[in-house]
1. Is it the case that some residue within the range B:3-18 is modelled with pLDDT under 90 and either crowded, with 18+ Cβ neighbours inside 10 Å or under 21 Å from residue B:250 (Cα atoms) (or both)?
2. Count, please, the residues in the range A:197-216 that happen to be out of contact with any strand residue (DSSP E or B) (no Cβ under 7 Å at 6 or more places or on another chain), buried (at least 16 other Cβ atoms within 10 Å of the Cβ) and in a helix (DSSP H, G or I).
3. Kindly establish whether residue B:197 is under 30 Å from residue A:289 (Cβ atoms) and within 10 Å of chain A (Cβ to nearest Cβ).
4. If you go through the range B:230-254, how many residues are more than 14 Å from residue B:67 (Cα to Cα) and touching a residue at least 60 places away in the same chain (Cβ under 8 Å)?
5. State which residue pairs qualify: first residue within 14 Å of chain A (Cβ to nearest Cβ) and inside the range B:148-165, second residue surrounded by fewer than 16 Cβ atoms within 10 Å (Cβ to Cβ) in any location, beta carbons under 7 Å apart, and separation of 6 or more residues or different chains.
6. Mind telling me which of the residues B:60, B:89, B:113, B:138 ends up being farther than 22 Å from residue B:12 by Cα, in the same structural domain as residue B:213 (by TED's automatic domain parsing) and in contact (Cβ under 8 Å) with a residue 12 or more places away in the chain?
7. Of these, B:155, B:170, which one is closer than 20 Å to residue B:211 by Cβ, at pLDDT below 95, in a helix (DSSP H, G or I) and in contact with a helix residue (DSSP H, G or I) (Cβ under 9 Å, 6 or more places away or on another chain)?
8. Working only within the range B:302-315, note down all residues that are in contact with a strand residue (DSSP E or B) (Cβ under 9 Å, 6 or more places away or on another chain), in a helix (DSSP H, G or I) and more than 12 Å from residue B:336 (Cβ to Cβ).
């Protein structure tokens, strides 16, 4: 009797083993049947990723510096941020991390772009109905909290090692903030303004694209910023399944206890994160310029 | 009698989880607002209101906060669905309209001005004023032209590219007014449109509205809690309390014949000399009698404040009162005027 209370009455060891085996087998079967199809489906994405990475690496470094500076200026309109961004890239180049940085830049850019492309419509969908929100929120919670290694297993089983599975891993981790903040931003739009749009006979489409999305933009942009940060934080894990970039030397440094190598590449990731963050934040602030220093 | 532009008939609005279930208590048993809230936990917003609004008039709906006036006005363009009753605009049943018909009603037939302006903060003044036209699908060049016209009319020339957040409250509401007028809708719904403004600016805005109305002849439904504003603007005034209509009439009816203590309380502080017109005093001449000679003639619409000096100088302190159409309404004396001022 005491034994019953101290040992939780679990399923028998053999039944459990069989259950796990059955699930594994089923997934392996699924993988054998559809794995190739999925790979073909993602093939254009892979080709684009490879092409983009090669383009970044092949472009002469002065041109990249000019582009980085130009984008920083367009986004932030601040000399400080622009100069900081260019300087950071110069230091990265001097310490011979240029190629890895370009590879990381390629996957981060593509991941961010895809997150925006997929995340904003999902966020809009979520904002349209409370039921949708109740349905999607727990999925986002799982995506953000489940240890990355756990979903790496099925991704690798399906697609093997490579850029695409790495990209998927980054997407799963980085997409929730933009979905959440798009939803939040739209839901926070002033009801009085919406009532005015209604009173003038705006259709729900006119309301969405003419009022709700524009007014939600600052929040949506905060989501983009978060998404970029989270994508960058996945660089090392993605490198475990074959994504090139700054994560690879970090991984090597961990297994061989190379302190300096790890530190350098780690700091390069931090530098990228700070640059992206500052540029996208100041761009987000400029989106709200109309709020101004208003009267009451 | 001509058809009313807007007809509201036996309108009820109850807020709560099951409004249609408790509607019979109110409609058939005459349950009041407090009892409904106590016993059934539902809020009575509008209680059996019927109101015919005539074309080209300013219909004021007045009441204190919580009297249901803002709820009532939102039924006219169905921003709020009624629990029971009928609403027609130009004879068309608003409650029977589907989504597309309702959108057209809101786009072409009526526009609205809001208490807190409700401008689109991310759009410039020009884009705000043109919003209704944009929703209608009017071509860009035409929007620009018509928008400019109304920006000029409300005195905002030069502010076209500013954002609402950079303007003062009075200027923002000019934008709101221009936005409402730009669609050329017959009906303008104004929900406490000037209540958020300082007294001086409020007076200015009332003047602008009266000036525009003298020229445009729109049908305006104007909600306010301010009696002075109601008396100044309203061709007809409806007073609500706890969602029910207490009295309806023109300014004089309200001031001279208040329906109950609630309204008497309302009107006790107003300047009656500015409201009461000679029309209310005119005593008809005896059948066939010729009007006395040598008396000055004043139009029936003269308010007492303006008439009294002429009256005191006139022989017998009596004036002749003439209707708009030139016929004689009768005579009025200074004594009558003084009595009228004291109620």
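The values are calculated or read from the model by the stated rules, or taken from the named source; none is laboratory data. A quick note: this is a predicted structure, and the numbers were derived from the prediction, not measured. Methodologically, a virtual Cβ is constructed for each residue, glycine included, from the backbone with ideal geometry; neighbour enumeration extends over all protein chains shown.
1. Yes - at least one qualifying residue is present in the range B:3-18.
2. 12
3. So residue B:197 does not fit the description; no.
4. Residues that pass the stated criteria total 7.
5. B:163/A:292; B:165/A:291; B:165/A:292; B:165/A:294
6. B:113
7. On inspection, the qualifying residue turns out to be B:170.
8. Within the range B:302-315, B:306, B:310 meet the criteria.
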